[in-house]
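This report concerns only the one structure given below.
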Amino acid sequence: MEDSSAVHWHPTAAYLYVLHLDGPALAWEYLRRNPEYRFAWQHHRHRPQHDAQRWGLRLLEDPARDAREAHPDWFPDPASVVQVYPDAGPTDDALLFQLWHIPGRKQLMHDGKRLMLTTQLVDRKLRMAISPALEDGMAYAYAVRAGRQLRERWRAIEADLAMLDADSAHHSAIATDRPGRTAMLHMRTLQALDGTLAGASQRGVAEVLFGITAVAERWHDDSDLRAQVRRLIRRGQTFMGGGYRHLLQPGSTSQGR
């Protein structure tokens, strides 16, 4: 039976932010709902490195913080992370690294080896792993992990890097992506997962997602609506149970335009 006090998952408007999340941010949304992860956080929050790699993290992150506030330090780095190093042979027109001139809302975190910078501008999020050898005012270079997926990795960060080179006067004019079907599917999946975790029945989940009238008309043993709700719940449980790691890879999610 659903806990009558656990109706936080009912308003669809509360999930609209999910429509503009990238792969690593979506991965966090699924992981933070995992009851075992939440248990690990409760017992090891004062030792955030303890058992973190079991979850694909360098440090445990507070599951109460959603992807708008939390920027987990994944291990290994997702494809969207840009590595930044001093330029060993800078040219006369080389750009100089100026941390506080980088546009957007910034969050800094040090994992003991390097500085991790996450900056968000409109609905774009750029993650940078900054070498400890790089100082403010030095010429710098980007590094992307080599391998068979090099092209996909570069595409994953190319549009985000462009915002660093754009004139700051034009930042406010950056257009947001129109959410695609994949983004809509993740939003509904997370809402269905929350309903299940709160103790709602499949029919109860369907009534919140599709409306009481639709359920009254279309809910029966072999109905498409019932099968759709089952798929949403199963999909959410799969991502929550470890499938979220696939969202850290290049091309793992598409926002649509």
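The values are calculated or read from the model by the stated rules, or taken from the named source; none is laboratory data. Model, not experiment: these values are computed from the prediction. When we count neighbours, we look across all protein chains shown, and the Cβ atoms used for this are built from the backbone with ideal geometry, even at glycine.
Could you count how many residues in the range 93-144 are closer than 19 Å to P76 by Cα and not basic (K, R)? Explain how you work it out, then say what you get.
Initial filter on the range 93-144 (closer than 19 Å to P76 by Cα): 108-118, 125-132, 142-144.
Then drop every residue that is not not basic (K, R), which leaves 108-112, 115-118, 126, 128-132, 142-144.
Qualifying residue count, the range 93-144: 18.
Suppose we filter the range 22-71 for residues that are over 21 Å from R105 (Cβ atoms), within 11 Å of the chain's Cα centre (by Cα) and aliphatic (A, V, I, L, M); how many remain? Working first, answer last.
In the first step, residues of the range 22-71 are kept if they are over 21 Å from R105 (Cβ atoms); the result is 30-31, 33-58, 60, 63.
From what is left, the residues that are within 11 Å of the chain's Cα centre (by Cα) are 30-31.
This time we only want the ones that are aliphatic (A, V, I, L, M), so: 31.
Going through the range 22-71 one residue at a time, the tally reaches 1.
When you scan the range 1-43, how many residues do you find that are assigned to a loop (DSSP other than H, G, I, E, B), modelled with pLDDT of 95 or more and surrounded by fewer than 21 Cβ atoms within 10 Å (Cβ to Cβ)?
Start the filter on the range 1-43 by keeping residues that are assigned to a loop (DSSP other than H, G, I, E, B), which leaves 1-11, 21-22, 32-34.
If we keep only those that are modelled with pLDDT of 95 or more as well, we get 9-11, 32-34.
Now restrict to residues that are surrounded by fewer than 21 Cβ atoms within 10 Å (Cβ to Cβ): 10-11, 33-34.
Total satisfying the criteria: 4.
Take the range 69-99 and flag every residue that is among the charged types (D, E, K, R) and surrounded by 13 or more Cβ atoms within 10 Å (Cβ to Cβ).
D73, D77, D87, listed by residue number.
Counting only residues that are surrounded by 16 or more Cβ atoms within 10 Å (Cβ to Cβ) and outside any helix (DSSP H, G or I), which one in the range 182-236 is farthest from the chain's Cα centre (by Cα)?
Residue satisfying both the conditions and the ranking: W219.
Which residues, taken from the range 15-60, are without any contact (Cβ under 8 Å) to a residue 60 or more places away in the chain and in contact with a helix residue (DSSP H, G or I) (Cβ under 7 Å, 6 or more places away or on another chain)?
Matches in the range 15-60: Y37, H50, D51, W55, R58, L59, L60.
Scan (1) surrounded by 17 or more Cβ atoms within 10 Å (Cβ to Cβ); (2) modelled with pLDDT of 90 or more; (3) out of contact with any His (no Cβ under 6 Å at 6 or more places or on another chain) for the single condition L126 breaks and write down its number.
All conditions pass for L126, except number (2).
One line per residue, one yes/no per condition, for (1) under 23 Å from the mean Cα position of the chain (by Cα); (2) within 30 Å of R45 (Cα to Cα):
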{"site": "D73", "(1), (2)": "yes, yes"}
{"site": "P76", "(1), (2)": "yes, yes"}
{"site": "A88", "(1), (2)": "no, no"}
{"site": "K106", "(1), (2)": "yes, yes"}
{"site": "V144", "(1), (2)": "yes, no"}
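Limited to the range 105-114, what total is found for residues that are outside any strand (DSSP E or B) and either surrounded by fewer than 17 Cβ atoms within 10 Å (Cβ to Cβ) or without any contact (Cβ under 8 Å) to a residue 12 or more places away in the chain (or both)? Working first, answer last.
Within the range 105-114, the first condition is being outside any strand (DSSP E or B), and the residues that meet it are 111-114.
Now restrict to residues that are either surrounded by fewer than 17 Cβ atoms within 10 Å (Cβ to Cβ) or without any contact (Cβ under 8 Å) to a residue 12 or more places away in the chain (or both): 111-113.
Result for the range 105-114: 3.
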